[in-house]
1. By a straight-distance test (C-alpha under 14 Å), which aspartates and glutamates pair with K142 as possible cross-link partners, with residues fewer than eight away in the same chain excluded?
2. Within 14 Å, Cβ to Cβ, of T220, how many net charges do the neighbouring residues add up to if Lys/Arg are +1 and Asp/Glu are -1?
3. Across segment 143-195, how large is the tail of the calculated P(r) beyond 12 Å, expressed as a percent of all Cα pairs?
4. Of K104/K181; K103/K249; K41/K181; K2/K223; K18/K104; K41/K104, which pairs sit farther than 31 Å apart, going by alpha carbon to alpha carbon?
5. Within the P(r) computed for the chain, what percentage of the Cα pairs occupies the region above 29 Å?
6. Could you give the nm distance between label points at D237 and A99, where each point is 7 Å from its Cα heading toward the beta carbon?
7. Identify all lysines with a Cα-Cα distance to K255 below 20 Å; exclude those on the same chain that are fewer than 8 residues away in sequence.
8. If N is the number of residues in segment 109-184, what value comes out of its Cα radius of gyration divided by 2.2 N^0.38 Å?
Amino acid sequence: MKHIAIIGAGWLGLPLAKHLQSLGYQVSASRTSQQGVDELKQHDIDSFICDLSQSDHFADTLASLHCDTVVGSFPPGFRRGQGAEYATQWQQLVNAAKAAHCKKVVMVSSTTVYPDRAETMDETKATLALALSQPDFSANAKVMLQAEQSVIDSGLEYAIVRCSGLIGPSRHPARFAARLKQVSTLAPANMLHQADAVGAVAFAVEHLDHDVVNATTPHTVSKAEFYQAALQAVSSDEALPPVVEIADKLIVSDKLAKAGYQFHYSHTLEALNGDE
């Protein structure tokens, strides 16, 4: 039985752990506190405390698990001002995985990596080399791509899954509408339901090697239409933010679909009403 360690069993990592268990894998998952570890144990998941800032201790912990695959599913913390540490944390995770003789690393990344251009974005449009040579990559994109590069250069089997905007249980987009400064009729709503985030990462664990894929709902509408539908879905009286006509990037997941992944939700309006 293959043993998988999930670093960061939060909103995505916890249902991923449950899903991988249902597929017959032995799963161990981490949280950053004892309280978090106790919560995972209530879900019958083998759990451990992980602090990536203590790299030596983490390497020892990972080695003791004798796992085949390590999945990193922890956020960069850009909104909390902690993003600068993210690339370092990923390098430490890779180093620990190699020291523990793990065979494969799977990274849950983000479409934040793409440049600020109103174009169709496939996986070739964002690399660290491009980000260092072109002006329209954000500082956050460069941090994410540096982290990805640690995985690519690891010498291990790897898969990187770039998730678009995550929605689902406790993350209904109607909650976020009020925080938006504006919504555009020309900007695609690049969204991914939790069920497909879990499905795509599990697919990467099982089927992808030395590969980078986008994970985003295949068909979508504009942000203006999407957030209007989100507000209507919860019968909200809240007004839509100012509507503008500014084009933005479209993330595509053709590569993941061609690899064989079957999406739970083929359209963002369908995903909107998925298990909230």
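We did not get these values from a lab; they are worked out from the coordinates using the rules stated. Bear in mind that the values here come from a model prediction, so they are computed numbers and not experimental data. FYI the Cβ positions are ideal-geometry reconstructions off the backbone, even for glycines, and counts take in every protein chain you see.
1. E85, D116
2. With Lys, Arg at +1 and Asp, Glu at -1, the net is -3.
3. I get 75 percent for the Cα pairs in segment 143-195 exceeding 12 Å.
4. K104/K181; K103/K249; K41/K181; K2/K223
5. Value for the chain: 32 percent of Cα pairs lie more than 29 Å apart.
6. Going from the D237 label point to the A99 one covers 5.9 nm.
7. Filter leaves K125.
8. Relative to the rule-of-thumb radius for its length, segment 109-184 sits at 1.29.
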